[in-house]
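A short write-up of the structure that comes next.
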């Protein structure tokens with residue numbers, strides 16, 4: 001099988017797409033013809049090979065077996081062949097004939113070959129799993145303090161979306177990235193300043209996203225994906241791996257992986273446009289230097305400003321993020337510092353509906369019923385440092401620390417529909433505030449054998465501290481209408497400087513052992529985490545403590561993986577999620593009673609099939625989340641109610657055929673309220689949880705023009721209830737997206753990419769989400785996205 005132009009492989013190069021220094025990949029290439037061996041290398045490493053197919057014909061290689069970086073593997077196979085190689089773009093290696101007596105510009109000369117050891121498998125720095133076939137998702141992700149793990153060796157359902165996917169889809173938020181996942185839905189207006197999500201039918205607060213594995217560090221409300229290498233979404237609770245997040249989200253976990261300097265020099269500039277008139281651009285610059293290129297620096301800059309597709313609405317967003325790293329023989333370090341600023345004028349917020357009224361029809365997709373003088377402004381300064389040291393080949397100690405300082409100021413409206421014709425009241429809140437976070441983690445990961453039993457041990461301690469101050473002065477209520485809004489002059493609002501009003505300290509200690517036998521074909525995970533939760537609230541006028549919470553809980557977890565075939569894994573888990581326990585409210589006989597952290601429990605079984613270029617996963621789960629109820633007979637408050645979400649998930653990804661890359665799946669949910677203490681709600685559907693969530697997307701490389709790719713996506717969501725009594729609902733909706741891109745090379749081999757995407761192709765008007773806590777969320781109007789990217 002010859003390697004020619006357009007030869008496609010499993011995925012993209014981890015040394016380029018990841019934006020990291022070289023990492024190791026396990027190769028198993030027997031002696032054979034060189035062109036066949038190169039195709040096999042591409043499949044195993046996850047790269048696309050182009051050019052020089054005729055120059056490989058008739059040549060042999062002794063093969064390669066073991067762990068090598070991609071550069072080492074290319075050097076080893078091509079040594080003495082008269083063919084050199086170079087990266088031309090994020091996922092492409094170009095093979096070129098070495099001219100007699102001269103070198104190929106930018107290509108790697110192959111003799112002599114020097115092979116060095118890579119990082120140990122227990123490392124996190126420089127150990128990002130490579131992209132899977134097609135490059136849209138990765139072969140694995142960080143599983144909390146268990147470290148980086150291949151998806152076939154993880155007894156959980158997790159998806160890791162790559163920077164290539166984000167760039168090709170022109171994602172502007174984490175919610176845009178999550179739109180590829182059938183287990184996730186956006187719980188906030190699509191054109192908004194927030195990325196609140198629903199994962200497996202439970203709300204996920206955007207404050208609970210981790211940055212590089214640390215809670216509290218990511219920018220608040222919205223994160224620009226341009227400086228991220230991966231967005232990793234774990235479906236289901238994760239207290240044992242991650243601890244309790246600051247706002248107690250239990251349906252899943254989202255980890256943001258920042259970009260790192262690539263082995264190849266990178267200078268990329270992108271110009272962007274989004275309807276109705278938002279223009280901007282991004283820069284991506286990467287360098288490595290020093291002996292063996294041990295030091296790396298990566299800079300990502302983003303700016304966009306202008307009108308959104310929503311009436312009378314503008315957004316300005318700017319971000320600058322530096323990523324520094326060091327790769328030594330035993331010591332590795334990574335540092336990230338960033339600043340992000342966002343200003344939304346006349347932002348959409350969730351809209352509520354008064355009890356007893358039907359949900360009104362969704363207005364036009366571009367409609368904006370909020371006052372034109374409302375705004376939301378956030379500034380975030382954040383940074384994190386992580387250091388690892390290999391005390392022995394199989395044992396690594398590590399530490400990490402991060403901080404964030406945020407200032408926000410908003411004057412935003414809370415709207416409630418009060419009549420069937422769309423009349424509503426809008427209550428603006430003057431909402432100034434600030435928050436700061438400090439997070440620390442120390443731990444050790446290592447491997448040991450006891451006879452035929454292999455152990456992978458993880459131990460860590462973490463602390464997350466958050467403080468904040470905020471005020472909520474109410475501005476006079478405005479009478480308006482959903483379809484024909486009434487606008488008034490901006491009221492006079494006094495500038496405020498809020499004092500400290502809240503504090504949170506989350507401290508944990510976790511331990512886990514991954515026990516494996518039979519060459520890791522059977523694995524058991526046993527672990528647990530001790531969690532302490534301390535929450536204080538303070539008077540904004542006197543500073544006195546108004547309430548204090550200090551409770552602890554131990555959260556265990558077990559999981560298993562069995563591989564009857566090398567490419568088939570059957571798995572199961574029992575794991576918990578933690579939330580701050582409630583306090584019995586006034587009016588109950590036990591008013592003031594403080595309850596221990598609530599434990600959400602998950603049972604899950606599933607299977608994963610990896611066919612090399614195409615993979616599919618299947619899972620069945622049940623998640624029980626407790627909540628407090630007051631017994632109407634005794635007036636005693638207790639944690640006795642349960643929201644039970646039962647579900648089935650199926651997902652697919654990869655490149656089963658050359659140039660065809662499907663991505664998506666389906667999630668079926670049955671979410672019920674149990675033991676609510678009321679006949680009006682007991683046994684009924686939980687709010688905001690549809691029965692069916694379908695996401696089906698695909699990319700197709702045109703055969704008639706190299707570099708031309710078409711894409712499409714269908715998103716379907718069934719009926720959702722807005723209220724617990726199931727009297728208010730929104731109908732099902734189906735959205736279609738489409739895109740096209742064209743990538744070509746200049747004479748110097750540098751790529752230029754033109755991308756055009758349309759979201760909501762048929763301009764559907766719809767409520768995307770209904771939730772008793774967050775209200776109604778408006779779906780995205782038809783949105784045009786255009787970008788031109790060039791490497792220099």
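The values are calculated or read from the model by the stated rules, or taken from the named source; none is laboratory data. Computed from a predicted structure; not experimentally measured. Here the Cβ is made from the backbone with ideal geometry for all residues, glycine too, and neighbour counts use every protein chain on show.
One line per residue, one yes/no per condition, for (1) touching a strand residue (DSSP E or B) at 6+ places or on another chain (Cβ under 9 Å); (2) more than 26 Å from residue 779 (Cα to Cα); (3) modelled with pLDDT under 95:
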{"position": "679", "(1), (2), (3)": "no, yes, yes"}
{"position": "702", "(1), (2), (3)": "yes, yes, no"}
{"position": "708", "(1), (2), (3)": "yes, yes, no"}
{"position": "713", "(1), (2), (3)": "yes, no, no"}
{"position": "716", "(1), (2), (3)": "yes, no, no"}
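With respect to residue 362, determine if the residue is in contact (Cβ under 8 Å) with a residue 40 or more places away in the chain, closer than 30 Å to residue 680 by Cβ and not in a strand (DSSP E or B). In short, yes.
Would you list the strands (runs of 3 or more DSSP E) that sit entirely within region 195-305 and hold 2 or more residues that are farther than 30 Å from residue 534 by Cβ?
Details: elements: 197-199, 202-204, 228-235, 252-258, 266-274, 277-289.
Fully inside region 195-305 and qualifying: 228-235, 266-274, 277-289.
Yes or no: region 323-333 includes at least one residue that is under 21 Å from residue 410 (Cβ atoms) and either outside the structural domain of residue 778 (by TED's automatic domain parsing) or part of a strand (DSSP E or B) (or both). No, that holds for no residue. Just so you know, in region 449-468 the residues that are part of a strand (DSSP E or B) and at pLDDT below 95 include one that is nearest to the chain's Cα centre (by Cα), and it is 449.
Taken over region 628-650, the criterion of being touching a strand residue (DSSP E or B) at 6+ places or on another chain (Cβ under 8 Å) and either exposed (fewer than 15 other Cβ atoms within 10 Å of the Cβ) or more than 19 Å from residue 603 (Cα to Cα) (or both) is satisfied by 628, 629, 630, 631, 636, 637, 638, 639, 640, 648.
Please indicate, with yes or no, whether at least one residue in region 543-565 is touching a helix residue (DSSP H, G or I) at 6+ places or on another chain (Cβ under 6 Å) and within 24 Å of residue 241 (Cα to Cα). Spell out the reasoning first.
Narrowing region 543-565 to residues touching a helix residue (DSSP H, G or I) at 6+ places or on another chain (Cβ under 6 Å): 555, 557.
In the following step, the residues that additionally are within 24 Å of residue 241 (Cα to Cα) were identified as 555, 557.
Yes, the conditions are met somewhere in region 543-565.
May I ask you to say which residue of 73, 37, 42, 9 is surrounded by 21 or more Cβ atoms within 10 Å (Cβ to Cβ) and at pLDDT below 65? Of 73, 37, 42, 9, the one residue that is surrounded by 21 or more Cβ atoms within 10 Å (Cβ to Cβ) and at pLDDT below 65 is 9. May I ask you to list the residues in region 515-537 that are in contact (Cβ under 8 Å) with a residue 60 or more places away in the chain and under 27 Å from the mean Cα position of the chain (by Cα)? Answer for region 515-537, where residues must be in contact (Cβ under 8 Å) with a residue 60 or more places away in the chain and under 27 Å from the mean Cα position of the chain (by Cα): 523, 525, 527, 528, 529, 531, 533.
The one condition from (1) more than 22 Å from the chain's Cα centre (by Cα); (2) assigned to a strand (DSSP E or B); (3) surrounded by 17 or more Cβ atoms within 10 Å (Cβ to Cβ); (4) in contact (Cβ under 8 Å) with a residue 40 or more places away in the chain that residue 588 does not meet is (2).
Can you spot a residue in region 192-213 that is over 23 Å from residue 665 (Cβ atoms), out of contact with any strand residue (DSSP E or B) (no Cβ under 8 Å at 6 or more places or on another chain) and buried (at least 24 other Cβ atoms within 10 Å of the Cβ)?
yes
Could you list all residues from region 552-588 that are touching a strand residue (DSSP E or B) at 6+ places or on another chain (Cβ under 7 Å) and under 30 Å from residue 432 (Cα atoms)? Once the filter is applied, which keeps residues that are touching a strand residue (DSSP E or B) at 6+ places or on another chain (Cβ under 7 Å) and under 30 Å from residue 432 (Cα atoms), region 552-588 yields 578, 579, 580, 581, 582, 583, 584, 585.
From the list 51, 63, exactly one residue is assigned by TED's automatic domain parsing to the domain that holds residue 96 and modelled with pLDDT of 75 or more. Which is it? Matching residue, one of 51, 63: 63. Of the strands (runs of 3 or more DSSP E) lying entirely inside region 714-792, the ones with 2 or more residues being within 30 Å of residue 202 (Cα to Cα), in contact (Cβ under 8 Å) with a residue 40 or more places away in the chain and out of contact with any helix residue (DSSP H, G or I) (no Cβ under 9 Å at 6 or more places or on another chain) are found at 733-745, 767-771, 775-778.
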